[in-house]
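Following: one structure in structure tokens, then a few remarks.
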Amino acid sequence: MQQLFREDLDEILRLIVESNSFALARFADGEACVLKNITVGNKDGWLYKKDKNLVFRRDLRRSLLCTDKNYLYGLACTCCDKENHDFLVNSVHTAVENLTFSNIWVNGNFSRFNDRFLPTLRESKKQIILCSGSKARVSELGKFIQITDFIPIPGNCVLYWEKYREQIRGLLDLKATQYSNAVFLIAAGPMSEIIIHEMWQANQQNIYLDIGSTLDPLLFRRNSRGYHTAGHTFSERICSW
């Protein structure tokens, strides 16, 4: 990664087609607040409570420490959130070439993502596994790409992880080792980063992508973020490292 907004997106799209082994975990303000043990939640329904959900925080922190060369981290950028950019850059242990933007899919890159992401998945001819909220309309996404498997994440991902941690880890191990040269699309709030780390440890011969809210218009029939709307300030922002 070059820490260049458009170029890094193009490189990730290239890797989806040409590689069968890399991960992209994205840490922004929500993940940073969890790591700092600050109460935080968002409109998708997850909530982290200070001093209450420390198992989740521990596992999220551990997921930030991977140094494998094909394990990429998207971090907050200076133009959107300099405080958390500095915090996260100082928290990772990996090489700089493994770092890119947490906003890599969104803001001024979203129109390119929207045009190219699903065609890139089709071009890759890889199996696609979706891990998202249990209410996701998988059949709608299935009109554009063939979904091989679906891993539902019900309710508040923080509580779900803490209550069923060992059972979920077993399921993730099963799914990661069940496939090879597949693409896992993961949209589970800050739990996405834990999921990616668990699956990567189980099998590095897959691609694991935190896609966040990018497919919400398809999966949940809503424009859940400003960047989804053409002409919105965020939809035109070209982020800088």
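The values are calculated or read from the model by the stated rules, or taken from the named source; none is laboratory data. This is a predicted model, so every value here is computed, not measured. Backbone-built Cβ (ideal geometry, glycine too); neighbour counts: all protein chains shown. For the accessible areas, the whole protein counts, side chains as well, though only heavy atoms, and no ligand, DNA or RNA atoms are used. Shrake-Rupley method; radii C 1.70, N 1.55, O 1.52, S 1.80 Å.
Considering every residue within the stretch 37-44, establish whether at least one is in a strand (DSSP E or B) and without any contact (Cβ under 8 Å) to a residue 40 or more places away in the chain.
yes
Mind counting the residues in the stretch 199-212 that are open to solvent by less than 30 Å² (accessible area, probe 1.4 Å), touching a Leu at 6+ places or on another chain (Cβ under 8 Å) and not β-branched (Val, Ile, Thr)?
4
Return a yes/no flag: does the stretch 158-178 have any residue that is in contact (Cβ under 8 Å) with a residue 24 or more places away in the chain, part of a loop (DSSP other than H, G, I, E, B), out of contact with any Ser or Thr (no Cβ under 6 Å at 6 or more places or on another chain) and open to solvent by 10 Å² or more (accessible area, probe 1.4 Å).
Checked against the condition, which is being in contact (Cβ under 8 Å) with a residue 24 or more places away in the chain, part of a loop (DSSP other than H, G, I, E, B), out of contact with any Ser or Thr (no Cβ under 6 Å at 6 or more places or on another chain) and open to solvent by 10 Å² or more (accessible area, probe 1.4 Å), the stretch 158-178 yields no hits at all.
From the residues in the stretch 84-106 that are of a type in the set (Gly, Ala, Ser) and under 17 Å from residue 4 (Cβ atoms), which one is surrounded by the fewest Cβ atoms within 10 Å (Cβ to Cβ)?
First, pick out the residues of the stretch 84-106 that are of a type in the set (Gly, Ala, Ser): 91, 95, 102.
Filter once more, so that each one left must be under 17 Å from residue 4 (Cβ atoms): 95, 102.
Working: 95: 10, 102: 28.
Step by step, filter the stretch 84-106, then rank; the result is 95.
Could you please give the count of residues in the stretch 11-33 that are under 21 Å from residue 78 (Cβ atoms) and not in a strand (DSSP E or B)?
Of the residues in the stretch 11-33, 8 are under 21 Å from residue 78 (Cβ atoms) and not in a strand (DSSP E or B).
Checking residue 50 against (1) crowded, with 18+ Cβ neighbours inside 10 Å; (2) part of a loop (DSSP other than H, G, I, E, B), only one condition comes out false. Which one?
(1)
Please tell me if residue 135 is charged (D, E, K, R), in a helix (DSSP H, G or I), open to solvent by 60 Å² or more (accessible area, probe 1.4 Å) and farther than 20 Å from residue 236 by Cβ. Full working, then the answer.
Details: charged (D, E, K, R): yes; in a helix (DSSP H, G or I): no; open to solvent by 60 Å² or more (accessible area, probe 1.4 Å): yes; farther than 20 Å from residue 236 by Cβ: yes.
Here the answer is no, as residue 135 does not meet what is asked.
For the list (1) at pLDDT below 95; (2) buried (at least 18 other Cβ atoms within 10 Å of the Cβ), I need the number of the one condition that residue 79 fails.
Failing condition for residue 79: (2).
In this structure, is residue 109 under 29 Å from residue 80 (Cβ atoms), open to solvent by less than 20 Å² (accessible area, probe 1.4 Å) and at pLDDT below 95?
The answer is yes for residue 109.
Looking only at residues that are assigned to a helix (DSSP H, G or I) and in contact with a strand residue (DSSP E or B) (Cβ under 6 Å, 6 or more places away or on another chain) in the stretch 196-218, which one is farthest from residue 173 (Cα to Cα)?
196
Which condition does residue 225 not pass, out of (1) within 14 Å of residue 23 (Cβ to Cβ); (2) under 16 Å from the mean Cα position of the chain (by Cα), if it passes all the others?
Status for residue 225: all satisfied but (1).
Counting only residues that are out of contact with any Ser or Thr (no Cβ under 7 Å at 6 or more places or on another chain) and in a helix (DSSP H, G or I), which one in the stretch 179-195 is surrounded by the fewest Cβ atoms within 10 Å (Cβ to Cβ)?
Across the stretch 179-195, the extreme among qualifying residues is 191.
Only one of 240, 192 is out of contact with any helix residue (DSSP H, G or I) (no Cβ under 8 Å at 6 or more places or on another chain) and hydroxyl-bearing (Ser, Thr, Tyr). Can you tell me which? Walk me through how you get there before you give the answer.
Values: 240 fails: out of contact with any helix residue (DSSP H, G or I) (no Cβ under 8 Å at 6 or more places or on another chain).
After applying the criteria, what remains is 192.
For the stretch 138-155, which residues satisfy the criterion of being of a type in the set (Phe, Trp, Tyr) and part of a strand (DSSP E or B)?
Passing the criteria: only 150.
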